[in-house]
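Input: a single structure, listed below in structure tokens.
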Amino acid sequence: MRVDAVTLFPGMIDSPLSESIVGRARAEGFLELGFSNPRDYAEDRHRTVDDKPYGGGTGMVMMAEPLYKAIRKVRKKNSFVILLTPKGRRFDQSLALALAKKKHLIFICGHYEGIDERVTPLADLELSIGDYVLTGGEPAAVAVIDAVTRLIPGVLKKGDATVNETFTGGLLEAPHYTRPGVWRGRKVPEALLSGNHKRIAEWRRERAEELTVKSRPDLAPAEKKKKKALK
Ligand code: ADE
């Protein structure tokens, strides 16, 4: 997959996505990550990319033309353009799965108070990573690119690593344990040591349902919530 980020601060994206699994995915060619900087398309000798908002108010607004040219530089026929903004649709695992099927993603990262509204029609999707305001779209782009990259076939070594995980099955994932079997007096649950695959699967399903009802009741199936309420 090809991903381009339109950003004034490419290092904020390039650096975190050079480590760990995504760094390896880039090295192995699963993810090709490029950058397009609006400052390269500024039209004055100060390389200005922002200006005061019409109508007054605090903060600066990113100007339309440098942004437009930076997008045009990387946009192709099959590109899917995403504008990162706290006003967008909330990102989740189902969107990550849909985006992982695209050939080319372009992320537009706003900074300052936002971008000139006339640029927004260039985006296919306005996307938020949660109900809080970041200093810019870059940390949001990192989160989305990370979540999408690990879903590209071949990036995770174990083919089924994403099948049972949190959110994919609509539930949070059951807890994990590794050696030692007893750690500072705390034992690994007996079911996991049984070697009985059916029992282990049942235990995991029950813990996943319990955890979902407790931590994310909004995700829990209705009949599980009712059961909990009757207890
Ligand atoms: N830019 C600033 N805050 C953001 C958020 N929560 N999601 C996406 N982009 C943002």
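The values are calculated or read from the model by the stated rules, or taken from the named source; none is laboratory data. Owing to the predicted nature of the structure, the values given are computational and were not obtained by experimental measurement. Backbone-built Cβ (ideal geometry, glycine too); neighbour counts: all protein chains shown. Side chains included, ligands, DNA and RNA excluded: accessible areas come from the protein's heavy atoms. Shrake-Rupley method; radii C 1.70, N 1.55, O 1.52, S 1.80 Å.
Considering (1) in contact with a Lys or Arg (Cβ under 7 Å, 6 or more places away or on another chain); (2) touching a residue at least 60 places away in the same chain (Cβ under 8 Å); (3) over 19 Å from GLU138 (Cβ atoms), the lone condition that ILE106 does not fulfil carries the number (3). So is GLY130 out of contact with any Leu (no Cβ under 8 Å at 6 or more places or on another chain), at pLDDT 95 or above, under 26 Å from GLY57 (Cβ atoms) and open to solvent by less than 20 Å² (accessible area, probe 1.4 Å) or not? Criteria met by GLY130.
Look at (1) open to solvent by 40 Å² or more (accessible area, probe 1.4 Å); (2) within 15 Å of the ligand (Cβ to nearest atom); (3) touching a helix residue (DSSP H, G or I) at 6+ places or on another chain (Cβ under 9 Å); (4) not charged (D, E, K, R) and you find that THR168 fails only one, number (2). Scan region 89-105 and tell me whether some residue there is within 13 Å of the ligand (Cβ to nearest atom), in contact with an Asp or Glu (Cβ under 9 Å, 6 or more places away or on another chain), farther than 13 Å from VAL3 by Cβ and not aliphatic (A, V, I, L, M). Yes.
If the requirement is being within 16 Å of the ligand (Cβ to nearest atom) and without any contact (Cβ under 8 Å) to a residue 24 or more places away in the chain, which of these qualifies: GLU43, GLU113, GLU117? Exactly one residue qualifies, and that residue is GLU117.
Only residues that are in a loop (DSSP other than H, G, I, E, B), among the small types (Gly, Ala, Ser) and near the ligand (Cβ under 8 Å from one of its atoms) were counted in region 120-155, giving 2.
Selection within region 54-68: residues that are open to solvent by 60 Å² or more (accessible area, probe 1.4 Å) and under 27 Å from the mean Cα position of the chain (by Cα). The member of this set that is nearest to ASP44 (Cα to Cα) is MET63.
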